[in-house]
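Report on the structure given below.
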Amino acid sequence: MDRRKGGNRVANGGLAEATASRLRVHSDEEAEEVRMEVEESPDAAGEEEVIGSDKTSADYYFDSYSHFGIHEEMLKDVVRTKSYQNVITQNSFLFKDKIVLDVGAGTGILSLFCAKAGAKHVYAIECSQMADMAKEIVNANGYSEVITVIKGKVEEIELPVPKVDVIISEWMGYFLLFENMLNTVLYARDKWLADGGVVLPDKASLHLTAIEDAEYKEDKIEFWDNVYGFDMSCIKKQAMMEPLVDTVDANQIVTNCQLLKTMDISKMTPGDASFTVPFKLVAERNDFIHALVAYFNVSFTKCHKMMGFSTGPRSKATHWKQTVLYLEDVVTICEGETLTGSMTVAPNKKNPRDIDIKLNYSLNGHRCQVSRTQYYKMR
């Protein structure tokens, strides 16, 4: 699908919109052997929405995971689900006769994989209404003696056991950290993981590159300058602040791809999810830069051989797509020139499931000199 025709682009201006993008089910593809497996994501609590209520995206986050459409899309994400499945089935030594905790179990697919791999017992924690379905699924597949589904928030429930050997979770959100389920995994790790236990996945890394995107920026951002003859440019500033979740064509990439941040889930603290990191993007051709693009990689390093997957534009598409941050400037860059800067990432103070991003960038090139600071909000 040509992203520039708008068919695959989803604005990430709020959790409802982000959830809508998760509901876009990919066309069915042949299940390729990617190196990993995935399932379902975080928790959710299900109240009915009250018109005029003060619900934040945190509330919608819990509610959204009560709907089967999100789980359908995640299960159909072959890169994600097959990767987790391969990690579990090809590394049964990590699960055989072990007690496993599945954080944000959703439909329970990861728990089922673990049980099938010989786990002694699996505790599947799920906060949304989907927990009720997960119990039925576990029973229907004959694993009720091995898998216990616990409905509730990780921070509020108690396990029947003092410690677990393995914690497995698919906690990653858009831009890796959007929805911020990572802190829940770290809480579970600190409370229940036995000495010598493993967290899966145990490594995640955030990456950055720059793209040419004139046509889509014109359609998405410059559009507000003239709307049926009226000046609506005041909206343009807001539109610029909202990162977009979209699939980027590899041919649009203008610079190298740089590692921004690596997170060791087995050792990091919740505060490590806030950071400021420098970047240096070197142009691989003469072109224009209209946006920076962030994506993440996930690794399972405790396996017989390291396994994992990438959500980058040069890899097979996932439901996470990539995160596009438009620049106010059209940057003209020549081959070999360097766009330098820094990115600051932090959970929003009012709602830590949301992400605030500060971007500094500058170029002192042959055809372009620019220096600017921009702010973005993932809601």
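The values are calculated or read from the model by the stated rules, or taken from the named source; none is laboratory data. Since the model is a prediction, treat every value here as computed from it, not as a measurement. Every residue, glycine among them, receives a Cβ derived from its backbone with ideal geometry; neighbour counts consider all protein chains shown. Ligands, DNA and RNA are excluded from the accessible area calculation, which covers all protein heavy atoms including side chains. Shrake-Rupley method; radii C 1.70, N 1.55, O 1.52, S 1.80 Å.
Would you rank Phe288, Phe178 by solvent-accessible area, highest first, keeping every protein chain in place and using a 1.4 Å probe?
Values: Phe288 100, Phe178 0 Å².
Solvent-accessible surface, decreasing: Phe288, Phe178.
Contact order normalised by length for the range 246-379, with contacts defined as Cα pairs under 8 Å and 6 or more residues apart; what percent is it? Working shown, then result.
Values: 247 pairs, mean separation 33.0, N = 134.
Relative contact order, the range 246-379: 25 percent.
Count the net charge of all other residues whose Cβ sits under 13 Å from the Cβ of Thr148, scoring Lys and Arg as +1 and Asp and Glu as -1. Please list the in-between numbers first.
Details: positive: Lys120, Lys135, Lys151; negative: Asp102, Glu126, Glu145, Glu158.
Computed value for this residue: -1.
In whole angstrom, how far apart do the alpha carbon centroids of the range 243-263 and the range 339-364 sit?
15 Å
I want the local charge near Ser266. Using Cβ-Cβ distances under 10 Å, sum +1 for each Lys or Arg and -1 for each Asp or Glu among the other residues.
Numbers: positive: Arg189, Lys203, Lys267, Lys302; negative: Asp202, Asp264.
Result for the neighbourhood of Ser266: +2.
Over all directions, the average projected area of the alpha-carbon convex hull for the range 82-221 comes to how many nm²? Walk me through the intermediate numbers first.
Working: hull surface 43.7 nm².
Value for the range 82-221: 10.9 nm².
If you rank Leu110, Leu159 by how much accessible surface each has, with a 1.4 Å probe, what is the order from largest down?
Working: Leu110 0, Leu159 20 Å².
Result, largest first: Leu159, Leu110.
Please give the contour-minus-distance gain from Asn139 to Asn286: 0.36 nm per residue of separation, less the Cα-Cα distance, rounded to one decimal in nm.
Values: separation 147, 0.36 × 147 = 52.92 nm, distance 5.92 nm.
Result for the pair: 47.0 nm of gain on full extension.
Quick check: from the Cα gyration tensor, does the range 101-164 come out rounded (a/c under 1.5), prolate or oblate?
On the way: a/c = 1.88, a/b = 1.15, b/c = 1.63.
It comes out oblate by the Cα gyration axes.
Quick one: ranking Thr209, Thr89, Thr301 by accessible area, 1.4 Å probe, largest first, what do you get? Could you put the intermediate results ahead of the total?
Working: Thr209 0, Thr89 80, Thr301 50 Å².
The ordering from most to least exposed comes out as Thr89, Thr301, Thr209.
Tabulate in residue order the Karplus-calculated ³J(HN,Hα) for the range 236-243, using 6.51 cos²θ - 1.76 cosθ + 1.60 with θ = phi - 60°, rounded to whole Hz; enter x for Gly and Pro.
Each residue's phi maps through the Karplus curve to give 4, 5, 5, 4, 5, 7, 9, x Hz.
Provide the FRET efficiency to the nearest 0.05 for the Glu156-Asp190 pair, computing r from the beta carbons and using R0 = 22 Å. Write down the numbers at each step before the final one.
Details: r = 15 Å, r/R0 = 0.69.
The computed FRET efficiency comes out at 0.90.
Place a point 7 Å from Cα of Arg314 in the direction of its Cβ. Which residues in the range 243-267 have their backbone N less than 19 Å from it?
247-262
Given Cα pairs under 8 Å that are at least 6 residues apart, what percent is the relative contact order of the range 119-212? Let's see the in-between values first.
Details: 97 pairs, mean separation 24.0, N = 94.
That works out to 26 percent.
In Å², and per residue, what accessible area does the range 151-210 have when probed at 1.4 Å with the other protein chains present? Write out the running numbers ahead of the final one.
Numbers: 1790 Å² over 60 residues.
Solvent-accessible surface per residue comes out at 30 Å².
Which value in nm describes the separation of the simple spin-label points at Asp219 and Thr344, placed 7 Å from the Cα toward the beta carbon?
3.5 nm
Tally Lys and Arg at +1 and Asp and Glu at -1 over the other residues with C-beta under 15 Å from the C-beta of Gly336: what net charge comes out?
On the way: positive: Lys280, Arg285, Arg367; negative: Glu284, Asp287, Glu335, Glu337.
In short, -1.
Points 7 angstrom from Cα along the Cβ direction at Thr89 and Val227: gap in nanometres?
A separation of 5.0 nm, rounded to one decimal place.
Tell me the carbon and sulfur percent of the accessible area for the range 248-379, rounded to whole percent, probe radius 1.4 Å. Mind showing how you got there, number by number?
On the way: 2730 of 5740 Å².
Carbon plus sulfur share of accessible area: 48 percent.
As an exercise, identify the chymotrypsin sites (Phe, Trp or Tyr not before Pro) in the range 199-285 lying in DSSP coil whose Cβ has no more than 15 other Cβ atoms within 10 Å.
Details: sites: Tyr216, Phe223, Trp224, Tyr228, Phe230, Phe275, Phe279; in loops: Tyr228.
The qualifying sites are Tyr228.
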